[in-house]
Amino acid sequence: MERKNTIRYIKMIRGILSGKGGVGKTTITVNLGLAMHKLGENVVVLDGDIKNPNLGLQLGIFNYNITLQEAIEKQISLLEALYIHETGLRFIPAHISLKFLETDASKLRSSLKDIPYDLLIDSPPGLNKESLAVLECCDEILIVSEPFLPDITDCMKTIEMAREFGVKVNGIILNKVRDKDYELKKEEIEGITNIKIISTIPFEEDILKSLSLKNPIVNYYPLSKASVCIFQLASLLSGRKYKIPRFIELRRLFSIQDIQSKFMKLFYPI
């Protein structure tokens, strides 16, 4: 499939894709965007899931004057739908209303020309016309997957489609890793997909807490292992320097979040 010329108004358009739902793609997108922002990068996170958006929900914001779908349908600048979260993260939400189910996702690409920042697009999962519309916009993509064979199989379909579109697959983000024997190992996944794993995000209960609080983990608990991995990925992608905080293990021992986690594991073991 022939690739159209990439829009050059934006420094870099990265799509965050997944072969299936439930792998934590939106959580990764929000936190990666915020981590890049905290490192000094000018970045906007966009909810490209027109039919089932939840990026704004993770940020605790439910009502907007203008959203992605309205900007597309009214042919107005996407800057009208750009908001700044209390953390400083710039984001463009999509509306959860059913009345926008018929919004033409193919018009997304032409709507991006006004955004003068790096862009992270949270794509719909799988391979439908909405996710393909996101793929067509991207300079490169990152694929989020869990370390299990069904996820990796679907991941390979996304990789193949990206190649057909002529879009670079920059790597796989392996999410919710528990380091169990029943999980596929990094070397196995790289061997199956022929794509490098550029980040491994451990599963942590603090991520679930941050979701319930609608406060991204890199802001809620920046010392967590997951946060450190996300900051390292943000540094890799942006070229911005990130140093792991000094005495991080000791600081974790005395952090409120870590004490709460240990308490919950002691009295409510999974």
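Add +1 for every Lys or Arg and -1 for every Asp or Glu among the other residues with Cβ under 12 Å from the Cβ of Thr26, and state the total.
Numbers: positive: Lys25; negative: Asp47, Asp49, Asp122.
With Lys, Arg at +1 and Asp, Glu at -1, the neighbours total -2.
Using θ = phi - 60° in the Karplus curve 6.51 cos²θ - 1.76 cosθ + 1.60, the 3J(HN,Hα) couplings for segment 53-67 round to x, 8, 4, x, 4, 5, 8, x, 10, 10, 10, 9, 6, 9, 10 Hz; x is entered for Gly and Pro. Within the chain, the longest run free of GluC sites (Glu not before Pro) that sit in a DSSP loop with at most 12 other Cβ atoms within 10 Å is 103-270.
Among the trypsin sites (Lys or Arg not before Pro) in segment 143-191, those placed in a DSSP loop whose Cβ has at most 10 other Cβ atoms within 10 Å are Lys180.
Bridge orientation summary for segment 13-245: considering DSSP beta bridges with both residues in this region, about 5 percent are antiparallel.
Once a ≥ b ≥ c are taken as the square roots of the eigenvalues of the Cα gyration tensor of segment 64-135, is the result rounded (a/c under 1.5), prolate (a/b larger than b/c) or oblate (a/b not larger than b/c)?
Rounded, because the longest to shortest axis ratio a/c is under 1.5.
If the chain between Ser212 and Glu190 were fully stretched, how many nm would it gain, using 0.36 nm times the residue separation less the Cα-Cα distance?
Details: separation 22, 0.36 × 22 = 7.92 nm, distance 3.30 nm.
4.6 nm is the gain from fully extending Ser212 to Glu190.
Please work out whether segment 13-245 counts as rounded, prolate or oblate from its C-alpha gyration tensor, where a ≥ b ≥ c are the square roots of the eigenvalues and a/c under 1.5 means rounded, while otherwise a/b larger than b/c means prolate and anything else oblate? Judged from the Cα gyration tensor, segment 13-245 comes out oblate (a/c at least 1.5, b/c at or above a/b). Need the list of lysines near Lys180 for cross-linking: C-alpha distance under 22 angstrom, and skip anything on the same chain fewer than eight residues off. Within the straight-line cut-off, Lys180 pairs with Lys20, Lys25, Lys196, Lys225, Lys262, Lys265. How many angstrom lie between the C-alpha centres of segment 176-245 and segment 10-27? Segment 176-245 and segment 10-27 have Cα centres separated by 14 Å.
Shape verdict for segment 1-103, please, from the Cα gyration tensor: rounded (a/c under 1.5), prolate (a/b greater than b/c) or oblate. Taking the square roots of the gyration eigenvalues as a ≥ b ≥ c, segment 1-103 is rounded. List the chymotrypsin sites (Phe, Trp or Tyr not before Pro) in segment 15-116 that DSSP assigns to loop (not H, G, I, E or B) and whose Cβ has at most 14 other Cβ atoms within 10 Å. Which are they? Loop-located and lightly packed - Phe62.
Work out the length of the dipole vector of segment 13-245 about its Cα centre, built from +1 on the beta-carbon of each Lys and Arg and -1 on the beta-carbon of each Asp and Glu, and round it to the nearest 20 debye.
Working: 27 positive and 30 negative charges, 87 e Å.
With only Lys, Arg, Asp and Glu charged at Cβ, the dipole is about 420 debye.
Just checking the listed ones, His85, His95, His37: in the Gaussian network model of the chain with Cα springs under 10 Å, the one fluctuating most is His85. Taking label positions 7 Å along the Cα-Cβ direction at both Leu223 and Arg163, the computed distance is 4.5 nm, reported to one decimal.
Loop-only check: which chymotrypsin sites (Phe, Trp or Tyr not before Pro) in segment 172-222 are DSSP coil with at most 14 other Cβ within 10 angstrom?
In loop regions of segment 172-222 (DSSP not H, G, I, E or B), the sparsely surrounded chymotrypsin sites (Phe, Trp or Tyr not before Pro) are Tyr182.
Each reported figure results from applying straightforward, stated rules to the coordinates on display, with no laboratory input. These numbers were taken from a predicted model, which means no experiment stands behind them. Here the Cβ is made from the backbone with ideal geometry for all residues, glycine too, and neighbour counts use every protein chain on show.
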